[in-house]
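Engineer: Below: one structure in structure tokens.
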Amino acid sequence: MAEGKKDTWKSIKTGFARTTQKVLTKVGQAEETKNQQYVDELAKTEQLYTSLKRVHENATKYLELLRSQSVEQNEAAQDILALYDANTPEYLMAMRQLEISADIDKQRILLDQHIRQFFTGPLGEYIPQFKDIKERAKIMESRKIDMDRYYREYSGLLSKPNSDKSRLSHMEAKYNAMKEGYYGLESEMMQDMPRLQQDCSVLLTPFIAAFVKATALYNTNISETYNASFSSFAHIKPEQYAHHRKPITPQDSSEAYHNYRSSFGGAPGLLASPSSLHSSPPPSSSSSTSSSSSSTRPGSVYGGGYQNNNYSEPSAPVVSGTIPIE
């Protein structure tokens, strides 16, 4: 059998033996080594690991959001500048806004560099220790299961008077070796986890301080940038234009929604406005017509009557209902 196949078969056997040990322990058919102090320390360390990862991820997201905001602000300033003629005072104010965006981005870059150098960078290098602890805890758990199952097998042989002594001696050696490996790692972990927790509590404060101080400086600088240019916009009252009246003709009176493609001899009908396209058609109406030998006058359409320059045309028959667009 090739070396690789031997290793695979050995791994399968070991996995099956560990699973069996877990099941026997769960149903109370095998003893389990327990250390509640170790369990508590591991839980605290893993919780701290989870919290630190979130802090690092959110701080990194914060920097990315500021970068995206700066890009959008700069593009908006450029678009606003393009709306004005270069010879107008408004153009100069829009140009000032573009300069403000550039100044703010310079401050953002300084903030980004400072936080990465003194906060997210060092924290990102510090966090992997917790991941290493987590991996060692998995190794320790495997050693515990192996130690317990070796002890179960050794105890079983020991309880039988006619057990093979060489096999008994071999199993005892396996048990003692795994016992040494388990308790050696447990001792190391019980030293490392409290030390890591304590060290983190000391180191985290300077990390947070770097973040807070850099952010405070950034906000102070951009505030000064805005305040320096406030006088350029101080005379403008935006609240006066919040409900500014639309200058174009309203939809309900716009010529765009009159239908002039009526049937021959008829008067122009009304098209439904966009707000009433799905409403019921108006009731039918008709009016008598009177003959006129005059031609269509300025301001009249197809002889239909509406007033222009105080001149009144006789009304033509009105087509009933709303005439759809064809």
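The values are calculated or read from the model by the stated rules, or taken from the named source; none is laboratory data. This is a predicted model, so every value here is computed, not measured. Using ideal geometry, Cβ is built from the backbone for each residue, glycine included, and neighbour counts are taken over all protein chains shown. Just so you know, the surface numbers come from the protein's heavy atoms only, side chains and all, with ligands and any DNA or RNA stripped out. Shrake-Rupley method; radii C 1.70, N 1.55, O 1.52, S 1.80 Å.
Engineer: Can you grab the distance from the C-alpha centre of region 38-56 to the C-alpha centre of region 61-125, Å, no decimals?
Structural biologist: 37 Å
Engineer: With a 1.4 Å probe and all protein chains in place, put 115, 222 in order of accessible area, largest first. Could you put the intermediate results ahead of the total?
Structural biologist: On the way: 115 0, 222 30 Å².
Ranked list, largest accessible area first: 222, 115.
Engineer: How large is ³J(HN,Hα), in whole Hz, for each residue of region 63-79 in order, when computed from phi with the Karplus curve 6.51 cos²θ - 1.76 cosθ + 1.60 and θ = phi - 60°, using x for Gly and Pro?
Structural biologist: 5, 5, 5, 4, 5, 5, 4, 5, 4, 5, 5, 5, 5, 4, 5, 5, 5
Engineer: Using only the Cα atoms, work out Rg/Rh for region 199-261, with Rh taken as the Kirkwood radius, to two decimals. Before the final figure, lay out each step's value.
Structural biologist: Details: Rg = 26.9 Å, Rh = 17.8 Å.
Across region 199-261, the Cα-based Rg/Rh ratio is 1.51.
Engineer: Now a separate question. Given a 1.4 Å probe and every protein chain left where it sits, what share in percent of the accessible area of region 1-127 is carbon and sulfur? Before the final figure, lay out the partial values.
Structural biologist: Values: 4710 of 8640 Å².
On region 1-127, the fraction of accessible area on carbon and sulfur atoms equals 54 percent.
Engineer: Per residue of region 98-108, in order, report the coupling 6.51 cos²θ - 1.76 cosθ + 1.60 (Karplus, θ = phi - 60°) as ³J(HN,Hα) in whole Hz, putting x for Gly and Pro.
Structural biologist: After applying 6.51 cos²θ - 1.76 cosθ + 1.60, I find 5, 5, 4, 4, 5, 5, 5, 5, 5, 5, 5 Hz.
Engineer: Another question about this same structure. Heads up, I need the accessible area for residue 169: 1.4 angstrom probe, whole protein in place, Å², nearest 10.
Structural biologist: So the heavy atoms of residue 169 present about 70 Å² to solvent.
Engineer: What accessible area per residue comes out for region 43-150, rounded to a whole number of Å², with a 1.4 Å probe?
Structural biologist: Counting only protein heavy atoms, the per-residue value for region 43-150 is 58 Å².
Engineer: To continue, here is another question. At a probe size of 1.4 Å, how large is the accessible area of residue 119, to the nearest 10 Å²?
Structural biologist: Estimated to the nearest 10 Å², residue 119 gives 0 Å².
Engineer: Using a 1.4 Å probe, what is the accessible area per residue for region 170-227, in Å²?
Structural biologist: Ligands and nucleic acids excluded, the figure is 58 Å² per residue.
Engineer: For residue 31 and residue 205, what is the calculated FRET efficiency with R₀ set at 35 Å and r taken between the beta-carbons, to the nearest 0.05?
Structural biologist: On the way: r = 45 Å, r/R0 = 1.27.
Here the calculated transfer efficiency is 0.20.
Engineer: Out of residues 5 or more away from residue 258 or on other chains, whose amide H comes under 5 Å of its own, with H placed 1.01 Å from N in the peptide plane?
Structural biologist: Distant-sequence amide H within range of residue 258: 271.
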